[in-house]
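The values are calculated or read from the model by the stated rules, or taken from the named source; none is laboratory data. Keep in mind it's a predicted model, so treat the numbers as computed, not measured. Cβ: placed from backbone, ideal geometry, glycine included. Neighbour counts: every protein chain shown. Side chains included, ligands, DNA and RNA excluded: accessible areas come from the protein's heavy atoms. Shrake-Rupley method; radii C 1.70, N 1.55, O 1.52, S 1.80 Å.
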Amino acid sequence: MKNKIINAYIYSYASLLVIIASYKIIALLLHKNYMDAFADLFINYQGGFIRRGLIGSLLLSIYQISGISPIALAIVLSIAAYSFIFLYCLSKLKPYNYGFAFLTPCYLLGGIGIYGLGYMRRDYIILSAFLLITFLWKRLSARLWLYISLFICIITILCYEPFLFVCLPYFAILNQLKCQKVRTTIIVLFILLLTFTICCLYPGTPIAKKQIWESTRSFLPQIGTIEFIGRNSMEVMKFHFYNNFIRIEHNVPCLAISLVSVIGMTYYLTNGLYVFNKDKFQVNDRKGIMFYLCLSYIFQIPMFICLSTDYSRICTYSAFTTIIMFTTIKYDTLVRYIPNKIDKKLNSIIEFTDIVFKPTKFKIFSIMLIIGIAEWTGGGIGQFIYSSELGTIIKCIKTIMNFHL
């Protein structure tokens, strides 16, 4: 009976999101009310080489050749990437009897629920690139996979340089397991770091910003995040560091709530599959998810400190890369490469959690429903609740009540 009620809610919620997303896409196309960050996709090389300029250059080139609107291309690309990730997770987690909408808590799939069309940035595009790398890992020879995956990583870093911190630890694991050569892994990681460094050395200039805006203003109604072009990398890092740690009225509520969000997400992902199918999901599987999550958190520390103020995106990266890696390489395969102390620590954390806060379907469902996230603007408790799945339902109801095109 309990599962029937949960499933009824799951499909109702998922259907509601699809309806709201469709409405917002139509409204966006009719009114051209694009989100400020959407302009990020159209940074290009019109003013010379610049970090994050590859996607915009490709969209602009297709526009010049075919006449197809770059806005339409960007929307299609964003939705395709979002759908690619969603369908992959759905197909891989289905054997665990994991409910449909349990893939859509705010910090997991995000986007439609919290930010309207917030997924129309680079996030799901770079995650799709990472997914493609792991997909090819099982299907190509070691040498061919190395060349193709390295090329994909370089291209993706040119599109969005923080991708380095998203893929670095996992790429090292995949490459080592595939090629079995430490020297090759070190060389590949050096190439990726070099690509990242080159991107950081070319943040753009005021002249480049003007040329980029001139190339996009015919179809882009506002400059949005293109405005940040021309600031050097150190200035950008100082901006992020200031808003993360110095601006007390913003960072204190944000950091406190983000800590709750991260703990909630870790508990949710580590135990969610387990409570819905204990026969298929063993202790080592829980350790595997916790290991991948912790690895992601550690390597995203540079983003957390001085490369980003958007913790919701960091949570999204960690959640998705963990699911992708978990469904690609089981912990049983990794355990022989992991120090025994780490394995024991993971085991003790899980045992402690089972005693203090034993996972149940009700707790997992409650976390999904009420745990949200806080943006760097310091939204506090209100934003924490409003960005949860419960808050998303309220926003969906308001959207329906105020429906107009």
What is the packing order of peptides 17-27, 387-397, 79-89, taking the mean over residues of other C-beta atoms within 10 Å and listing the highest first? 387-397, 79-89, 17-27
Which value, in Å² and to the nearest 10, is the accessible area of I223 when all protein chains are kept and the probe is 1.4 Å? 40 Å²
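Quick check on packing: order 209-219, 350-360 by the mean number of other C-beta atoms within 10 Å, highest mean leading.
On the way: 209-219: 17.5, 350-360: 12.5.
Going by the mean number of other Cβ atoms within 10 Å, highest first, we get 209-219, 350-360.
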Taking amide H positions as placed in the peptide plane 1.01 Å from N, state which residues far from I329 in sequence (5 or more) or on other chains have amide H under 5 Å from it. none
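Using packing as a proxy for protection, rank 339-349, 162-172, 128-138, 67-77 so that the peptide with the highest average count of other Cβ atoms within 10 Å comes first.
Details: 339-349: 13.0, 162-172: 22.1, 128-138: 18.5, 67-77: 16.5.
Put in order of decreasing packing, that is 162-172, 128-138, 67-77, 339-349.
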Taking the full set of protein chains and a 1.4 angstrom probe, give the accessible area of S141 in square angstrom, rounded to the nearest 10. 70 Å²
